[in-house]
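See below for the structure under consideration.
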Amino acid sequence: MARQYRQFESIMSSTSEGFITADLEGKIVNVNNAYCNDLGYEKSELIGKSILFLSESFSKNEILKDIRYIKKFGSLSFTTVHRHKNGTLVPFRVNATYDDSLEERIFAFFHNISDIAEVSEELEDLRKSHREQERQVSETRQLLISVSEETLRQIGHDLHDDIGQILTGGAMLAADLSKSISACCQGAVGNRA
């Protein structure tokens with residue numbers, strides 16, 4: 001039995017995931033280095049403490065309710081947040097199981113999901129940025145449409161004015177030409193007589 005315990009301890013100390021053993025009251029009985037590193041504590045600072053000491057997600061009643069559930073059904077997976085020694089919050093995905101082979105204990109693996117949380121925050125920031133860019137593109141499109149409409153109106157106005165001047169000039173030339181032709185024709189008729 002002692003050999004099995006040493007093997008168990010060796011496995012738990014070498015895993016990269018946090019691991020704690022707790023009694024049925026939620027008091028931490030053992031903890032591995034990975035869990036200590038994730039939260040900035042020494043083992044001696046955590047052993048004997050209630051899980052409630054670290055939990056930011058659950059009340060004492062909720063923790064005890066989860067322990068009863070794990071004891072009854074054998075296991076439970078959930079997401080929780082624990083407070084780092086420096087005050088920051090660390091999100092974990094927890095897989096907890098019940099074992100009564102030696103003593104009644106809850107064994108829980110804590111997978112630090114900070115990277116996933118950071119990626120989620122980055123994705124949300126990207127979504128916000130994308131929505132802002134879409135808004136700016138829409139506003140720019142509207143501005144271009146209004147500028148284009150105004151430009152078209154101005155071009156139409158300018159063309160109307162230019163064509164109007166050309167037509168007026170053409171009408172004046174036609175009138176002058178008509179007078180000249182009339183005068184020339186009257187002069188030619190007068191010379192024959």
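State whether one or more residues within the stretch 124-141 are of a type in the set (Asp, Glu), open to solvent by 90 Å² or more (accessible area, probe 1.4 Å), at pLDDT below 75 and in a helix (DSSP H, G or I). Checked the stretch 124-141: at least one residue is of a type in the set (Asp, Glu), open to solvent by 90 Å² or more (accessible area, probe 1.4 Å), at pLDDT below 75 and in a helix (DSSP H, G or I). Residues of the stretch 79-92 being touching a His at 6+ places or on another chain (Cβ under 9 Å) and more than 14 Å from ILE20 (Cβ to Cβ), which ones? LEU89, PRO91 - these are the residues of the stretch 79-92 that are touching a His at 6+ places or on another chain (Cβ under 9 Å) and more than 14 Å from ILE20 (Cβ to Cβ). Could we say that ILE113 is at pLDDT 80 or above, in contact with a Pro (Cβ under 6 Å, 6 or more places away or on another chain) and closer than 23 Å to TYR35 by Cα here? Judged against the criteria, ILE113 is a match. Restricted to the stretch 1-109, the set of helices (runs of 4 or more DSSP H) holding at least 3 residues that are open to solvent by less than 70 Å² (accessible area, probe 1.4 Å), in contact with an Asp or Glu (Cβ under 6 Å, 6 or more places away or on another chain) and modelled with pLDDT of 90 or more is empty. Scanning the stretch 63-92 for residues that are farther than 23 Å from TYR41 by Cβ and in contact with a strand residue (DSSP E or B) (Cβ under 7 Å, 6 or more places away or on another chain) yields TYR69, ILE70, LYS71, GLY74, SER75, LEU76, SER77. Selection of first residues in the stretch 128-150 that are on the phi < 0 side of the Ramachandran plot and of second residues that are modelled with pLDDT of 80 or more, restricted to Cβ pairs under 8 Å at least 6 apart or on distinct chains, gives an empty result.
The values are calculated or read from the model by the stated rules, or taken from the named source; none is laboratory data. This one's a predicted model, so the numbers in the text were calculated from it and none came from an experiment. In this analysis, Cβ positions are derived from the backbone assuming ideal geometry, glycine residues included, and neighbour counts consider all displayed protein chains. Note: accessible area is taken over every heavy atom of the protein model, side chains too, but ligands, DNA and RNA are not part of it. Shrake-Rupley method; radii C 1.70, N 1.55, O 1.52, S 1.80 Å.
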